[in-house]
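The values are calculated or read from the model by the stated rules, or taken from the named source; none is laboratory data. None of the values given here were measured: they were computed from a predicted structure. In this analysis, Cβ positions are derived from the backbone assuming ideal geometry, glycine residues included, and neighbour counts consider all displayed protein chains. Just the protein is used for accessible areas: all its heavy atoms, side chains included, with ligands, DNA and RNA removed. Shrake-Rupley method; radii C 1.70, N 1.55, O 1.52, S 1.80 Å.
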Amino acid sequence: MVMQGSMMKDESNNDAGKAMASSRSLALWIFGIEALLSLGLWWSVDASSPDWTGRIDLAWIPEWGVRFTIGIDGIAQMLILLTTIIMPLAVLGGWTSIREKTHAYYALLLVLTTGMLGVFMSLDLVLFYVMWEVMLVPMYLIIGIWGGQRRLYASLKFFLYTMIGSLLMLVAIVKLGLYAGQGGPPVFGYDAILVAVQAGSVPGAFWLFGAFAVAFAVKVPMFPFHTWLPDAHVEAPTAGSVILAAIMLKMGTFGFVRFAVPLFPEVAMHPTVRMVMLVLAVIGIVYGALVALVQPDFKKLVAYSSVSHLGFVMLGIFAMTVESMQGALMVTISHGVSTGALFLLIGMIYERRHTRQIEDFGGIAKVMPIFALCLTVVALSSIGVPGTNGFVGEFLVLLGSFPTQPWYSVVAATSVIFAAAYMLWAVQRIIYNPLVKPENEALKGHDLNWREIGLLTPLLIAIVWLGVYPKPVLHKTEAAADRLVRRVEATRLSTLPAPREGER
Amino acid sequence: MTYDLSIPAQLSAALMPDLLLMAGAMVLMLFAAWRPDSDEHQRAVGYGSLGLVLLTMVAVVYMGLSGATAEKGGVIAIDGYRWLVDLVILLGAAGTIALAIEHNGKDSITQPESHVLVLFAASGMMILAAARDLMVVFLGIEIMSVAIYVLAGMNRRSVRSAEASLKYFLLGAFATGFLLYGIALIYGATGQTQLNEIGAQVQRLELVSDPMFLIGCGLLLIGLGFKVAAAPFHMWAPDVYDGAPTPITAFMAATVKAAAFATFLRIWYESFYYAFNGWANVVAALAVLTMIVGNVVALQQKNIKRMLAYSSIVHSGYLLVAVVASSALASTAFTFYVLAYTLATFGAFAVVAAMQPAGETDARIADYEGLWHVRPWLATAMGVYLLALLGFPVFGGIGFFAKWYLVQAALASPAGLTRLAVILVVTSVISAGYYLSVVRAMFMKPRPDGAAAPGPVGPLSRAVMAVTVVLILGLGLFPSRLVGISSASGFRPYPFSPALQIGTPFGPGR
């Protein structure tokens, strides 16, 4: 009940914010309050119970069977916390760099947050779709209005890629709703559809899964659908990149965990489909790392490293063991933290030097020691050095996927080496090489200010804490991951061809 | 109350709103001729027309709420479908007149008759919405079209307006020829002109593969396809929409289309349902062609009126999907869709009209660059209309639910139109390209140096924008009420029989 209250307040805060977000401090206040309120979720969600916590169920469009249903479980809880904690930091990160049309900018951030939280909370497929699309317009405008040089191209590409996937998902959702309604009015409640899907095989399940999978794969982004991501990340303003990387990419993986896999387990676990997904995940891991290696632009390097990290998440999901699933969720969280921090750091140095080209820097550690320290810690966590958060997730994914998918995990493991290569090499060129450029010498005395240190501190704490003592997070997600894996496995066993059963 | 339509007095009573509008229009016509043309007189007649439209709306709502029905099949229908379409038509007429009162000054149009012609066109449309007899359909189409031919050429100082009028008139005359010939052949095949009687004959005589009947259907399809601007009968639309005065363009793009589709749907559902296998593939192909052609060509447009013209062609393609879907659900999805489409189109054209400087007719998308920096509210409103046309949730409000409803109708249709639904959503991704190009120009590009600030927006145009934005966003968050109203006013394909086996366009599949 505590949680329900806090969630309601979250929603109403956002609505109020939309109308009157008159300044950056108001936005910061709203996000700050929201973050504090959502901290209550940590204690109020009973992760082990199979029920949804704080379920709210209101009629919205009864004629179409569309309801306003929200509720959260252990997985959603983590992502909601990630969102509410990243948002105020993202606002602080763009504190001084956003100078034009600030009112509209912060209003859009608030709308965006409503959409993101809505995606994680929705238990009605139509509501989910609406929330899924709601994020699109604010992000499109944020990239397009406050972005860099090629912002027009990047924002349109981002919009179109996401939209083609999600509109196919729309058709699939309607199909599913009509199927669950069984001739009567359609039903779109998540639980009801889950029951209907388990009761019998859905006609055309392969295509429905495909429609969901494409929508989510674009967002993740999986290998062939990833080309929007470097453009969008590079052109977006700092807060936009942080939100894109830390939260919005997670919606794709969340979609797989919440919708695509549990609704169509027999398709998702079909050997061919599974192989395709795993191959694409592994290609993403290796390809992202290799492309990151040759990027001259640091922001683009981080963007490609996201492709690689998210490949780990997909590997973990489709390996379908409890460990790999938990690892996937852990990578999701820790990628949000470390990549968010990386983009914030890039924003800070960009504000000072107005360049992101790695070769323009060198020897920054001598003039900005605090910045150098932060960047080193965050880079290490992004590589996945033991003792940081990045290690835990990737290790769990590899551990969990090795028994069932040895070859894929062997190939994926090589990317840890590549990650070290591209990240350490970039860090070396930025902060450690000799200080020869006069522009960089001029940075002396412009080290991080208190605002910047303050906003990085929670992320650094999270990096170390999750790396040393990840148990609380793992504990929270364990029950949900376990339930998912067992449900999928059960369906797989029940759909095995009958003769095999007889052979035993 | 139940009307017996064979008694003239009761027939007149059932036509009360239509007659009210026509009689009022005639009185206003006399009043318009009373004084020499001037801007004041034009305004006075305009306000009078607006009042008459609102009065007719009240009459329609009264008739709708009175629960009137017809005793048995007659030449006109008395059902919720008719009243809802009437409301959409009157909403469009009100929007047109409101915009025209202020826009006429920019085009130097001083003839007060321009408003009265809108009223006559609207009454023709209302007859179309009611028609249950092919002769009445023809009557309605002619009343509507003749008024529109004149309205398209209302700006006598503009060469383009004259071209638009002549083009529309010549091609429209051809289309009427097709229509009439189609009616004749269908009469020849069935011996009937009344829609339900034709439907019964099609079933009794098994006309699904009868050449004369099918050719008649085809000719009717061509005639109506021209009126709704479905590809490949759409070639007139961009030129006519571009040349006509902007409020009239809105009227043609939204309201004429709604009325023509209303009768299209009724004819196809009531008369040709049993010949589904004969025409479904053709209409589905027409829908696909219209969606693809409209969307792809719209991408190339630099002129916003032409872009919106192609976008209206695209929406015809979407609505053709509702015709193929052939179910009660599809008819309700249709009424919901045209309402959403009318709101968004009128809003968009209100902005276009407000942005046009006096005398000049070329409305380039480039003129909208940086609009957000000088006119934030105008730009935001335009953004809402474009997103509504795109069918985007929350920001496009009701536009999303309209598309949702249509997809649902296609998927739930007994014919199982999954592929058609997929084509619908895929082509609507293309439409993001041109709708967003305007959004991009308004929000993301800087205002060009030396660009003249758009003139002040008149109170009536503001009212049109405010009403449309509020309705689009409000109904987009709480569509439940409207869904209830539209689903109560759907009608089933007649003669309805769930046992009828109908094939699937583009082969089997579901």
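Quick look at the numbers
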| read-out | value |
| --- | --- |
| Label zone at A:I370 (point 7 Å along Cα-to-Cβ), backbone N below 20 Å, the stretch A:449-475 | A:449-464 |
| Accessible-area composition of chain B, carbon plus sulfur, in percent [1.4 Å probe] | 68 |
| Average partner coverage of B:396-403, which counts Cβ from other chains inside 10 Å | 2 |
| Cut-off under 5 Å, modelled amide H: who pairs with A:F361 long-range | none |
| Over the protein assembly as shown - Rg/Rh using Cα atoms and the Kirkwood inverse-distance radius | 1.01 |
| Average partner coverage of A:123-132, which counts Cβ from other chains inside 10 Å | 2 |
| Protein accessible surface hidden between A and B, which excludes ligands and nucleic acids, total in Å², probe 1.4 Å | 3500 |
| J(HN,Hα) series, the stretch A:304-316, from Karplus relation 6.51 cos²θ - 1.76 cosθ + 1.60, nearest Hz, glycine and proline x | 5, 5, 5, 4, 5, 5, 5, x, 4, 4, 5, 4, x |
| Interchain or long-range residues, amide H under 5 Å from A:D124's placed H | A:T69, A:Y190 |
| Reachable aspartates and glutamates, given that their alpha-carbon falls under 17 Å from the alpha-carbon of B:K305 and they are not under 8 places away in the same chain | B:D107, B:E163, B:D239, B:D242, B:E360, B:D362, B:D367, B:E369 |
| Amide H within-cut-off set for B:I76, under 5 Å, with H built and near neighbours excluded | B:R132 |
| Principal axis box of chain A, alpha-carbon based, largest edge first, Å | 76, 53, 42 |
| With 10 Å bins from 0: P(r) over chain B, alpha-carbon pairs, percent | 4, 21, 32, 27, 13, 3, 0, 0 |
| Calculated FRET value between B:V159 and B:A366, using beta carbons and R₀ = 30 Å, to 0.05 | 0.85 |
| Sparse-neighbour loop sites [GluC sites (Glu not before Pro); the stretch B:187-283; at most 12 other C-beta within 10 Å; DSSP] | B:E206 |
| Cut-off 13 Å between beta-carbons: net charge of the residues surrounding B:A379, Lys and Arg +1, Asp and Glu -1 | +3 |
| Alpha carbon centroid spacing (whole Å) that separates the stretch B:9-46 from the stretch B:54-96 | 18 |
| Degrees, to the nearest 10: A:450-468 long Cα axis against longest axis of chain A | 50 |
| Rough spin-label spacing in nm, given labels placed 7 Å along Cα→Cβ, for A:A490 and A:V436 | 6.6 |
| Karplus (6.51, -1.76, 1.60) ³J(HN,Hα), θ = phi - 60°, over the stretch A:65-78, in Hz, Gly and Pro reported as x | x, 9, 10, 9, 10, 10, x, 9, 10, x, 6, 4, 4, 4 |
| Other protein chain Cβ atoms within 10 Å, averaged over every residue that makes up B:425-436 | 4 |
| Rounded to whole Hz, the Karplus (6.51, -1.76, 1.60) HN-Hα couplings of the stretch B:371-376, x for glycine and proline | 4, 4, 6, 9, 10, x |
| Residue-normalised accessible area of chain B, expressed per residue, 1.4 Å probe, Å² | 33 |
| Residue-averaged 222 nm ellipticity for chain B, from DSSP H runs of 4+ at -39500 (n - 2.57), nearest 500 | -24000 deg cm²/dmol |
| The stretch B:118-182 and the stretch A:272-305: distance between their alpha carbon centers, rounded to Å | 59 |
| Per-peptide average of other Cβ atoms within 10 Å, ordering A:353-365, B:135-147 highest first | B:135-147, A:353-365 |
| Compactness index (Cα Rg / 2.2 N^0.38 Å), the stretch A:148-195 | 1.74 |
| Per-residue [θ]222 nm for chain A (sum of -39500 (n - 2.57) over DSSP H runs n ≥ 4, rounded to 500) | -23500 deg cm²/dmol |
| Distance between the stretch A:184-216 and the stretch B:351-429 - C-alpha centres, whole angstrom | 29 |
| Semi-axis lengths, Å, the stretch A:131-246, gyration tensor of Cα atoms, sqrt of 5 times eigenvalues | 34, 13, 11 |
| Approximate spin-label separation A:D360-B:L205, in nm, with each point projected 7 Å along Cα-to-Cβ | 8.0 |
| A:V464/A:Q428 FRET efficiency (R0 25 Å; Cβ-Cβ; nearest 0.05) | 0.65 |
| Protein-protein interface of the stretch A:156-175, residues with accessible area decrease of at least 20 Å², isolated chain reference, 1.4 Å probe | A:L156, A:F159, A:L160, A:M163, A:I164, A:L167, A:L168, A:L170, A:V171, A:V174, A:K175 |
| For peptides A:317-327, A:475-485, A:182-192, B:329-339, sequence by mean Cβ density within 10 Å, most packed first | B:329-339, A:317-327, A:475-485, A:182-192 |
| A:L194 paired with B:T2, simple spin-label distance in nm, labels 7 Å along Cα-to-beta-carbon | 5.2 |
| Protection-proxy order for peptides A:454-463, B:219-228, A:302-311, each taking the mean of Cβ atoms within 10 Å per residue, highest first | A:302-311, B:219-228, A:454-463 |
